[in-house]
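Student: Here you go, one structure.
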Amino acid sequence: MKSLINAAGAALAVAACVAGLLYLGPDAARPTAAPPAGADTGAPGAGRADTGAVGAARSRTRDHPGDPAAWAGLARAEIEQARTTLDAARLDAAEKALRRSLALDGTDNYAAVTGQGLLANSRHAFTRGRAYGLDSTRMAPDRPDGYAVLADAEIQLGNYPAARTAVQRLLDIAPTTAAYSRAAYDLETHGRTQDAAIALRRALDHAGTVDERAFAEARLGDLAWSAGAVDRAERHYRRALDAVPKHPYARAGIARVTAARGRTGTALELYGRLTEETPLPQFLLEAVELRRAAGDMGQGREGAALAAQVRLVRADGGPVDPYLALYAADHGDPALAVELMRREWRHTRSVIVADALGWALHRAGRHTEALGYAREAARTGWKNAQFHHHRGTIEQALGMPGAARSLREAAALRPRPTRETTKPPAPLGARADAGGFAR
């Protein structure tokens with residue numbers, strides 16, 4: 001039986017008879033935030049694509065072009081670079097390296113199989129990611145990478161018990177930054193915010209690279225933000241930027257904090273520079289909504305970019321980022337938002353997708369059906385302001401007595417002060433996509 005790490009951080013052996021709790025284990029290896037010998041100590045900052053791990057991996061493939069492990073290592077480095085820079089072109093490079101690795105060894109190539117899983121998850125092809133995760137854990141039940149792939153895929157597919165099992169196995173095998181960051185997401189999703197912060201602090205203590213440190217700090221910032229602690233959130237975001245000056249999620253966090261303090265013009269400038277470099281739907285939508293809240297009813301460049309992405313995702317039939325559907329629901333065509341999220345729901349039953357589909361249905365005037373998805377979004381107990389706000393608004397439209405309570409819960413989770421924001425601006429899933437995890 002497992003013991004529970006409580007909110008104060010003590011490893012108390014409580015709740016031992018309760019099944020399904022994530023066990024973080026003793027924290028014997030900490031504290032150390034210094035990168036180990038040979039780790040990436042290159043100049044921090046997104047965009048240093050050809051230095052550090054990627055550069056070293058490319059050198060290995062040049063020195064050993066017939067080594068499948070070298071090509072799989074390059075693929076992993078490219079995927080990691082894509083995660084930190086949000087540069088999708090890196091994923092194409094990773095795919096090419098994986099093909100080369102598998103051409104050299106297509107029968108017993110664990111590194112390439114896990115690499116395929118990481119790549120699939122990074123592209124939000126979570127069903128394929130899950131398949132690769134299962135394959136790799138069967139190939140090597142005592143190696144951690146397969147469980148990381150599997151955990152990411154299961155949680156995004158909404159298979160939360162299976163995700164927790166994979167995360168627990170990962171913690172048991174290799175309690176590293178990668179394991180603790182996934183544990184934190186599991187805990188946050190299930191409403192255990194303080195325990196999630198403990199896990200992230202362990203992830204920070206175990207971080208071996210500047211990117212890992214930046215990731216953990218930015219996620220701690222998100223947790224603080226979602227608890228309404230603006231000052232604490234800012235401190236974490238700035239520490240993330242100290243480690244990686246162009247870390248996109250930390251930059252978005254600073255823009256959010258700036259807006260919350262009423263400096264709308266400066267916040268829009270920060271969003272403008274960020275979305276020029278990283279036009280992620282989440283960042284674009286936050287900018288659009290901030291602009292609206294400030295009285296500018298135009299779509300701006302960010303709205304045009306989102307509209308273009310909505311058209312593209314509708315045409316290509318691929319995975320749908322929920323932020324695109326939220327944009328379509330609130331600022332475009334709610335019926336189209338419903339269409340997109342129904343398509344996504346066929347493959348992905350996560351609480352994030354449930355929330356977006358419910359909101360789209362509400363905006364399309366289908367409140368009763370919307371309520372079912374809003375309740376589905378609440379099934380894990382996530383203390384997510386946006387979920388509560390959406391549910392309360394839907395309940396209000398139906399004249400339900402519980403609406404006021406849901407809206408109060410949303411308000412209690414709003415960052416303070418929020419002079420400039422009209423909706424809970426906390427990120428939907430705090431990088432709920434697989435690309436948001438430390439590897």
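What follows draws every value from the coordinates through simple rules; no lab data is involved. Quick caveat, the model's predicted, so the values are computed rather than measured. No Cβ is skipped: glycine too gets one built from the backbone with ideal geometry, and neighbour counts run over all protein chains shown.
Student: Give me the Kirkwood hydrodynamic radius of the range 68-156 in Å, from all C-alpha pairs, to one decimal place? Working shown, then result.
Tutor: Values: mean 1/r = 0.0804 Å⁻¹.
It is 12.4 Å.
Student: Using each residue's phi in the range 292-298, evaluate 6.51 cos²θ - 1.76 cosθ + 1.60 at θ = phi - 60° and report the 3J(HN,Hα) Karplus result to the nearest Hz, with x for Gly and Pro.
Tutor: 4, 4, 7, x, 8, 7, x
Student: Under the Karplus relation 6.51 cos²θ - 1.76 cosθ + 1.60, θ = phi - 60°, what is the ordered set of whole-Hz ³J(HN,Hα) values for the range 384-401, x standing for Gly and Pro?
Tutor: Along the range 384-401, the couplings run 10, 4, 5, 4, 5, 5, 4, 4, x, 5, 5, 4, 4, 5, 8, x, 8, x Hz.
Student: Let me ask another. Work through the residues other than residue 342 whose Cβ is under 13 Å from its Cβ and net out their charges, Lys, Arg +1 and Asp, Glu -1.
Tutor: Net of charged neighbours comes to +2.
Student: Mind listing the phi-derived Karplus ³J(HN,Hα) values for the range 341-356, rounded to whole Hz, using 6.51, -1.76 and 1.60 with θ = phi - 60°, and x for any glycine or proline?
Tutor: Going residue by residue, I get 6, 4, 4, 5, 5, 5, 10, 10, 10, 7, 5, 5, 5, 4, 4, 5 Hz, with x marking Gly and Pro.
Student: Still on this structure: Could you tell me which trypsin sites (Lys or Arg not before Pro) in the range 96-192 are loop residues by DSSP with no more than 12 other beta carbons within 10 angstrom of their beta carbon? Can you show the working numbers first?
Tutor: On the way: sites: 96, 99, 100, 123, 128, 130, 138, 164, 169, 182, 192; in loops: 123, 192.
Passing sites in the range 96-192 do not exist.
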